[in-house]
1. Percent of Cα-Cα pairs more than 20 Å apart in the stretch 121-203, please.
2. Is the shape of the stretch 27-153 rounded, prolate or oblate, going by the alpha carbon gyration tensor and its root eigenvalues a ≥ b ≥ c, with a/c under 1.5 for rounded and a/b larger than b/c for prolate?
3. Could you derive backbone 3J(HN,Hα) for the stretch 165-181 from the dihedral phi with the Karplus parameters 6.51, -1.76 and 1.60 (θ = phi - 60°), listing whole Hz in sequence and x where the residue is Gly or Pro?
4. With all protein chains present, how much of the accessible area of the stretch 5-215 (probe radius 1.4 Å) comes from carbon and sulfur, to the nearest whole percent?
5. Where the only charges are on Cβ atoms (+1 Lys, Arg; -1 Asp, Glu), what is the dipole of the stretch 5-215 about its Cα centre, to the nearest 20 debye?
6. For the chain, just say rounded, prolate or oblate: build the C-alpha gyration tensor, square-root its eigenvalues into a ≥ b ≥ c, call rounded for a/c under 1.5, and beyond that prolate if a/b exceeds b/c, oblate if not.
7. Whole Å is fine, so just give me how far the alpha carbon centre of the stretch 64-103 lies from that of the stretch 123-183.
8. Roll a 1.4 Å probe over the protein chains and send me the accessible area per residue for the stretch 5-215 in Å².
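The values are calculated or read from the model by the stated rules, or taken from the named source; none is laboratory data. This structure is a prediction, so every number in the text was calculated from the model and none was measured. No Cβ is skipped: glycine too gets one built from the backbone with ideal geometry, and neighbour counts run over all protein chains shown. Only protein heavy atoms, including side chains, enter the accessible area calculation; ligands, DNA and RNA are left aside. Shrake-Rupley method; radii C 1.70, N 1.55, O 1.52, S 1.80 Å.
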Amino acid sequence: MKRPLLQLALDELSLDHAFEVLSTGVDEVVDIIECGTVLIGSEGRKVVQIMRDRYPDKKLVADFKIADSGKVMAGMLLDGRPDYLTVICAANQKTMKAVVQEIKDRGLNTEVQMELYGNWTFEEVEIWKQIGIHQVVLHHSVDEPSGWSQREIEVVKKLCDHDIQVTVTGGINYDSIELFKGLPIFCIIAGRSIRTAEDPVTEAKRIKDRIIEIWGKD
Ligand code: 5RP
């Protein structure tokens, strides 16, 4: 089983703060850098472009959880050529199709990730695959202070049986990585547990080493 990738969620309010975190060496430790919803909301679409200019070869996520106006919203973010772009599961399927089409029209290989919040069904997962979306991100809300419940872990397990790449996020830290042991998780996203650590690079390494310890190197 391939080890999950480690993604850093940059939900800083300013690019300066985001670069402060990255320049500690965290940028070299994590597999993927996420231009977070908070950062894009605060600093605008330029975030993805600036991050791409700074990291031409790094995997980048533009996480703006597109809900509507698929072509225009995707277009704004695709200027920065992210590897991944997020859409929220509540969006109309026509919005999802518009995002996928905009990527095709621009000749990009950007993949769409479906952000799972609130109500969605496993039947929809199958429809999203037909639309061309092959990744889901299961969220444990940042506003939910309690940890991941057994019920949420069961949902992760069921998603993993649906032949779709599964990413998990929300309140994940060194200790909670173990909850996903034995599951073919595509990516683990950590934001606050790395960014707010006293020594972010050491914490990022510790989390990555824990992933390798559980899943192996590859
Ligand atoms: C919220 C997000 C966050 O970036 C993601 O969930 C990371 O959260 P945390 O800081 O708890 O690790 O997408 O919209």
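1. Here the tail beyond 20 Å accounts for 37 percent of pairs.
2. oblate
3. Running phi through 6.51 cos²θ - 1.76 cosθ + 1.60 with θ = phi - 60° gives 6, 10, 10, 10, 7, x, x, 8, 9, 3, 6, 8, 3, 4, 4, 9, 3 Hz.
4. 47
5. 540
6. It is oblate, given that a/c is not under 1.5 and a/b is not larger than b/c.
7. 20
8. With all protein chains present, the stretch 5-215 gives 46 Å² per residue.
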